[in-house]
Amino acid sequence: MKRKALMGAIAAAGLLASVGGAWASPGLMELAVRSGFWSNQFPDTTIMLQHLYYNQYDKAWDDGGDKQDTGIGKVKVTANFTRLIRPWHFGDQKQYQFILEAILPFANASWDGDTGVDAGFQSGMMDPMLYLAQGWNNADKTTHVQAALVVRFPFGNDTDRGLGVPLLATDAYAFQPILAIQQHFGSMFSVDGSLSYQIETKQLNGSENKGKNYFELNLIPSVNLGSGWDVFVQYDYVNYQKSQTGGEDNDDAGYNHCVALGVDNWFRPNMQLGLKFEQDVKGKNTAKSQGFNLRYLWIF
């Protein structure tokens, strides 16, 4: 395969990962969580999280980890995530927390076009997700532990617009078990961390095609500045396995390292606004992207 065609295939796979159900570059945890997320102290009422996510790239890392042009020009992704959350606490000291969350995503993807691929765009619903979590914290609330599961439901394949991959929605289930912890060090410093593994099922259309399973590590050290402000640094590592076409493995396993810098502010007692800038720093068979994530939290 020629270099330009190879990079076009990598970029197309990166587009699927960034827009569709795989979320392998960056991983789902990098997108979804930030400072304080793994706390067991959410109030027992309805909470809404609204994410505005923007990501772009015109470079990709090949199967040797070398940076190359994508072969399909610049790719831009804009996504909106509506997350409806309901926690419940129980136990003698309310030390247990159960969370039920519905996630409804919508996205737009556009690409410039190159090497025989026309420029274009696509908009629509992505696969909806359900999040279940069971948490525990110690008596002084310095240690918080959670076991969680994300289930992605197939919304159905959309047209591929000549890229050779389905965009936006998928035709397969995915399951992502998660183990997470938040540890406080005094009133000023804390660390959130999670380990997860996403499992893709085969597509429901009987094609024997299958997306990439992946392992994800996410770490977030943060500093509480007082007056409702905190700043944090986020590191995310994704290692993903080969996808399958017709039941046969593709040669597209790889990894992605991403770092982000963010700030959050409680501008009202029940409302928080946060902004996070993110950059992929090293990878293999994945896009080299950068972007931002604006999040609004509203406790009803």
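Overview of results
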{"item": "Members of the range 171-198 found to be open to solvent by less than 70 Å² (accessible area, probe 1.4 Å), within 18 Å of SER39 (Cβ to Cβ) and assigned to a strand (DSSP E or B), listed by number", "result": "ILE178, ALA180, GLN182, GLN183, HIS184, SER190, VAL191, ASP192, GLY193, SER194, SER196"}
{"item": "Residues within the range 87-123 that are part of a strand (DSSP E or B), of a type outside the set (Phe, Trp, Tyr), surrounded by 15 or more Cβ atoms within 10 Å (Cβ to Cβ) and modelled with pLDDT of 95 or more, tallied", "result": "6"}
{"item": "Long-range neighbours under 6 Å by Cβ, at least six apart or interchain, first residue among the small types (Gly, Ala, Ser) within the range 118-135, second assigned to a strand (DSSP E or B)", "result": "SER123/ASN108; ALA133/ILE99; ALA133/GLN146; ALA133/ALA148; GLY135/GLN97; GLY135/GLN146"}
{"item": "Flag for TYR240 being at pLDDT below 95 and under 20 Å from GLY193 (Cα atoms)", "result": "yes"}
{"item": "Residues being at pLDDT 95 or above and farther than 18 Å from LEU261 by Cα - total across the range 281-299", "result": "3"}
{"item": "Residue within the range 226-237 that is under 13 Å from GLU278 (Cβ atoms), touching a helix residue (DSSP H, G or I) at 6+ places or on another chain (Cβ under 7 Å) and of a type in the set (Asp, Glu) present", "result": "yes"}
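Table: residues versus (1) crowded, with 20+ Cβ neighbours inside 10 Å; (2) closer than 18 Å to ALA32 by Cβ.
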site: GLU200; (1), (2): yes, yes
site: LYS242; (1), (2): no, no
site: ASN270; (1), (2): no, no
site: GLY283; (1), (2): yes, no
site: LEU294; (1), (2): no, yes
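The values are calculated or read from the model by the stated rules, or taken from the named source; none is laboratory data. Fair warning: this is a prediction, and the values are worked out from it, not measured in the lab. When we count neighbours, we look across all protein chains shown, and the Cβ atoms used for this are built from the backbone with ideal geometry, even at glycine. Remember, those area values only see protein heavy atoms, side chains included, never the ligands or the DNA or RNA. Shrake-Rupley method; radii C 1.70, N 1.55, O 1.52, S 1.80 Å.
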